[in-house]
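Every number here is computed from the coordinates shown, using simple stated rules; none is lab data. Just so you know, these numbers come straight off a predicted model, no measurement behind them. Because the Cβ atoms are built from the backbone with ideal geometry, glycine has one as well, and the counts that use them run over all protein chains shown.
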Amino acid sequence: MSVIALTSAHGAPGVTTSAFALTSVWPQVRPGRRVLLIDADPAGSGLMTGPLRAGIPDGLGISVLAAVRAPLSVEQLIGCCVALDPAAARMVLPGVSDPRQARPLGPTWVALVDVARGLSASGVDVLVDVGRLGHQWEPTVWLTAADLLAVVVRGDLATVLPATAAVRALTANRPAGSAVVGVVVDPGPYTSAEIATALGVREVLTLPSDVRTARALMEGGTGGWIDRSALLRSARSVVQRAAELVPDVEPVVAR
Ligand SMILES: Nc1ncnc2c1ncn2[C@@H]1O[C@H](COP(=O)(O)OP(=O)(O)OP(=O)(O)O)[C@@H](O)[C@H]1O
Ligand SMILES: [Mg+2]
């Protein structure tokens, strides 16, 4: 697996919560691999008001990385990330707390795409929270260059209709054959096939409505009932399917 970007077209369907849920279960589903969640929402980080709200140590985050002269290295990227567990099997690159801080980040995102691809060969998969489409400082390069692009919607017309137009535009700007999928949070009365047809994507992955777990997870909760929750059980299936859609990059073997 390599780079998977998550975005939305309208409202707040659950991009950040879904990305964090996938990150939480990643090493369980993909033993031996680690995961890095890049917090690229230019509107302001949903993680810094959530699981990272206890504070971020000095010297970490995208704004620190932006001050480093390109080309960036894997070590520089990892060095700016917060580890969520002692083994650093799950990491987050903290984003911006204020949209004004997103303005100068364009070249940094471009530089990070190549680094992110390099991480895959070192056993680290990358998820990117791109936030809502159309922001003035949208990190567009993740939308065009991610190996898998997931558009997050709810199972209602208010989020599916704007997403349909967005999927068309996103697909036109991506290499032919590269995957765009839907992620539906709380499908409501609709089947995955119905939402896939409405969105114009070949596949929709599903996460259930699970308010209690969504809240607990974003408050930094782990283990116990959270691990057994409907949300994290479905998140494991989504990671499994995403891994099938985006094959692993073979590790670079020194000769
Ligand atoms: N699977 C879920 N079940 C129930 N509630 C959820 C789920 N996922 C997210 N939510 C809730 O939906 C709301 C929005 O979630 P979140 O912040 O993740 O959305 P977002 O798409 O990242 O929004 P924004 O565009 O503002 O960044 C939050 O109240 C969150 O708890
Ligand atoms: Mg968000």
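Some notes on this structure:
- Sorted fewest first by neighbouring Cβ atoms within 10 angstrom, Thr164, Thr144 come out as Thr144, Thr164.
- The alpha-carbon atoms of the chain, seen along their principal axes, cover 48, 44, 43 angstrom, with the largest extent given first.
- Each peptide in 224-233, 106-115, 180-189, 67-76 was scored by the mean count of other Cβ atoms within 10 Å over its residues; highest first, the order is 180-189, 106-115, 224-233, 67-76.
- Per-residue Cβ neighbour rank within 10 angstrom, fewest leading, Val160, Val152: Val160, Val152
- Dipole-positive endmost among Val130, Ala9, Leu232 within the range 3-245 (Cβ charges, Cα centre): Leu232
- Mean Kyte hydropathy of 0.0 or more with a Cα span along the axis of at least 20 Å, helices from DSSP in the chain: 15-29, 106-121, 157-172, 230-245
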